[in-house]
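Here is the structure we will look at.
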Amino acid sequence: MTPSERSTAGNEVIRAGFIPLVDAAPLVVASRLGFAEAEGLRIELLRETSWATLRDRLAVRHLDIAHMLGPMALADSLGLTPLPVGLIVPMALGTAGNTVTVSRAVRAELAELGAGTSLDASSTAEAVARLTADRQRTGKPPLTIAIVHPYSAHHYQLAYWLGFAGVRPGIDVELVIVPPSLMTAALESARIDGFCVGEPWGSAAVALGAGHVLTTSAHIWHRSPDKVLGVRHAFAEASPERLGRLLRAIYKAACWCDDAANHQQLARLLSASEIIGQPAEVITSALAMRGAGGPAATTCGDGFLSFAADGAMLARESHAVWFYSQMVRWGQATLDAKAIAAIKSVYRPDLFSAAVETKSGDTASDVAFFDGTSFDATDIPGYLRRFAIREA
Amino acid sequence: MAQATLNILVIDANRIRASIIEEGLRETGGVRVTVLDDVNGLMRRIAEIDPDVVVIDLESPNRDTLEHMFQLSRAVKRPVAMFVDSTDQRSIEAAIDAGVAAYVVDGLKKERIRPVLDTAITRFKAFERLRRELEVAKGELTERKCIERAKGILMRTRGLSEEQAYALLRKTAMNQSRRIAEIAESLVTAAGLLGGEVDG
């Protein structure tokens with residue numbers, strides 16, 4: 001009997017792992033503000049620092065569900081991770097909540113080369129390309145940019161953005177891995193020149209005076225997919241009915257998170273030391289980036305950090321296939337039909353649709369990249385050939 | 001090949017725990033153990049260390065970084081799999097319960113790795129026990145200090161000798177079926193609340 005099959009106070013206990021990030025909010029709110037109880041559930045939260053530990057705790061059934069990187073769940077199905085879990089992804093946890101943030105020193109270098117303050121993805125990528133070329137010419141070391149994991153939306157968005165301007169990720173720019181909550185310290189101590197990470201860590205770096213937001217994942221790909229809810233396959237199988245109640249609880253919590261009227265309370269809840277452990281003002285400023293007036297006086301629009309609105313919780317098959325196409329593009333996976341079938345079986349939007357009656361707007365088109373290229377999920381080789389910079 | 005020295009890399013920011021693990025691993029014999037307290041600079045050293053097994057604290061924030069390095073290090077053997085055989089669920093659980101993560105290069109025999117993992121698990125647990133004992137000892141130290149203060153308060157406010165003050169504390173504790181330290185703590189707290197002299 002796993003811990004989750006015990007029941008306390010009539011509510012079934014579900015153990016959920018998370019990483020301190022704003023997009024864990026629907027899980028935290030479902031657990032703490034009564035949305036789980038309303039469905040006869042109790043969600044116990046366990047915070048981790050590294051994604052690998054979440055994965056391992058799922059594998060040995062310390063956890064039933066976890067806040068997870070979409071591509072990490074897919075890599076698991078392809079046997080690419082050191083410890084296989086067996087996961088399904090019945091829902092996404094929001095869209096486009098990452099910033100590309102650079103140190104003030106790099107920001108100053110960019111300004112010298114004529115970069116403006118727009119968050120626009122193409123002009124910022126071109127500015128970084130000029131800086132990279134300038135550093136190569138003058139014999140300076142390449143920029144070091146941190147991402148949170150090799151199998152992450154952050155990695156693929158950053159690489160896509162750099163590749164657009166002719167910058168080869170991993171060659172012209174060094175990529176390193178740093179867990180989200182250690183990003184600001186790494187930037188402050190100049191161990192890295194910049195990072196691509198989910199909120200509130202971009203806002204935290206701005207608040208510390210250590211960072212400058214260059215662009216965001218919403219600018220690179222409007223409503224881009226990101227974190228997901230990873231569920232142990234056996235846990236989902238054991239009771240589809242319980243899974244349905246869980247998805248409803250998290251969906252309703254996410255709708256609550258979307259409502260700006262709740263943002264003060266949400267910021268206070270998330271700021272607690274056992275959740276994110278950052279001042280409420282930093283979280284408020286992260287939430288404010290959705291509209292106008294984020295940390296760099298930025299307007300990111302409704303595509304940034306959407307919790308449930310516009311179908312943000314749908315784990316779309318096209319997203320899984322795009323992530324896989326990027327694994328192929330950057331040499332992490334090889335292209336074959338069996339792999340495509342495997343990753344498609346992980347993302348289960350049908351489970352979400354069956355459990356949750358959503359508000360309208362779920363049909364919003366989701367593929368809008370800043371460079372105008374559209375993704376064709378039926379022709380990955382053809383799609384990848386359109387990119388000059390790739391490893392495969 | 002089976003007799004070759006096994007290269008084990010231990011990454012642990014906690015030096016005391018690292019040395020406890022290192023000592024245990026050396027005792028298993030036929031191994032070379034390298035201890036690092038951080039993954040910084042590991043990328044450059046990984047070819048020279050050339051580990052067969054990497055042992056790291058499960059909760060280390062460096063694990064994602066480490067796994068990335070294994071992906072990148074094309075020139076050397078890659079310790080990719082967590083544990084020898086992912087179907088060996090029981091020993092994986094034992095390790096994770098003990099807070100150990102281990103990476104093993106492909107193709108190593110289970111019989112060679114098992115003692116290494118078992119030792120790492122035992123030593124992690126031993127360290128945990130040590131840590132808990134230290135905490136208890138620290139707690140006892142605070143308790144002793146608290147009793148000293150309570151005695152001081154009683155000596156001053158009631159004009160008792162040190163022996164009489166201690167006897168009073170002990171008697172009160174016995175009457176209320178509580179520990180002397182608890183009685184002393186309430187007394188010190190109460191004295192503090194009432195604005196009395198707490199320092200003793």
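The values are calculated or read from the model by the stated rules, or taken from the named source; none is laboratory data. Predicted model only: the values in this text are computed from it and were never measured. Methodologically, a virtual Cβ is constructed for each residue, glycine included, from the backbone with ideal geometry; neighbour enumeration extends over all protein chains shown.
Per-structure values
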read-out: In region B:168-188, the residues that are touching a Leu at 6+ places or on another chain (Cβ under 8 Å) and under 15 Å from B:Lys145 (Cβ atoms); value: B:Leu169, B:Ile180, B:Ile183, B:Ala184, B:Leu187
read-out: Qualifying positions in region A:134-193 - of a type in the set (Val, Ile, Thr) and either assigned to a loop (DSSP other than H, G, I, E, B) or surrounded by fewer than 21 Cβ atoms within 10 Å (Cβ to Cβ) (or both); value: A:Thr138, A:Thr144, A:Val148, A:Val167, A:Ile171, A:Val176, A:Val178, A:Ile192
read-out: Selection status of A:Ser31, more than 14 Å from chain B (Cβ to nearest Cβ) and of a type in the set (Gly, Ala, Ser); value: yes
read-out: Filter pass, A:Ala24 being in the same structural domain as A:Ala315 (by TED's automatic domain parsing), at pLDDT 95 or above, in a helix (DSSP H, G or I) and in contact with a Ser or Thr (Cβ under 6 Å, 6 or more places away or on another chain); value: no
read-out: Matching residues in region B:93-113 - criterion: being away from every other protein chain (no Cβ under 14 Å) and out of contact with any strand residue (DSSP E or B) (no Cβ under 8 Å at 6 or more places or on another chain); value: B:Gly107, B:Lys109, B:Lys110, B:Glu111
read-out: Residue within region A:53-73 that is touching a Pro at 6+ places or on another chain (Cβ under 7 Å), closer than 20 Å to A:Val148 by Cα and assigned to a loop (DSSP other than H, G, I, E, B) present; value: no
read-out: Residues of region B:57-91 satisfying the condition of being in a helix (DSSP H, G or I), at the interface with chain A (Cβ under 7 Å from one of its Cβ atoms) and modelled with pLDDT under 85; value: B:Gln71
read-out: When residues of region A:77-110 are limited to those that are touching a Leu at 6+ places or on another chain (Cβ under 9 Å) and part of a helix (DSSP H, G or I), the one nearest to the other protein chains (Cβ to nearest Cβ); value: A:Ser77
read-out: Residue within region A:226-249 that is buried (at least 19 other Cβ atoms within 10 Å of the Cβ) and part of a loop (DSSP other than H, G, I, E, B) present; value: yes
read-out: A:Val197 buried (at least 20 other Cβ atoms within 10 Å of the Cβ), of a type in the set (Val, Ile, Thr) and away from every other protein chain (no Cβ under 14 Å); value: no
read-out: Helices (runs of 4 or more DSSP H) completely within region B:94-198 that count 1 or more residues being in contact (Cβ under 8 Å) with a residue 60 or more places away in the chain and surrounded by 12 or more Cβ atoms within 10 Å (Cβ to Cβ); value: B:110-158
read-out: Hits in region A:323-341 - residues which are away from chain B (no Cβ under 14 Å) and surrounded by 12 or more Cβ atoms within 10 Å (Cβ to Cβ); value: A:Phe323, A:Tyr324, A:Ser325, A:Gln326, A:Val328, A:Arg329, A:Leu335, A:Ala339, A:Ile340
read-out: Matching residues in region A:28-40 - criterion: being within 12 Å of A:Lys252 (Cβ to Cβ) and not in a helix (DSSP H, G or I); value: A:Leu33, A:Gly34, A:Phe35, A:Ala36
read-out: Residue within region A:4-19 that is modelled with pLDDT of 95 or more and in a loop (DSSP other than H, G, I, E, B) present; value: yes
read-out: Subset of region B:28-56 [facing chain A (nearest Cβ under 10 Å) and within 20 Å of B:Arg114 (Cα to Cα)]; value: B:Ile56
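A quick yes/no check of all residues on (1) touching a residue at least 40 places away in the same chain (Cβ under 8 Å); (2) out of contact with any strand residue (DSSP E or B) (no Cβ under 8 Å at 6 or more places or on another chain); (3) not assigned by TED's automatic domain parsing to the domain that holds A:Pro71; (4) not hydroxyl-bearing (Ser, Thr, Tyr):
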site	(1), (2), (3), (4)
A:Pro179	yes, yes, yes, yes
A:Ala186	yes, no, yes, yes
A:Glu199	yes, no, yes, yes
A:Ala210	yes, no, yes, yes
A:Thr215	yes, no, yes, no
A:Ala249	yes, no, no, yes
A:Ser285	yes, yes, no, no
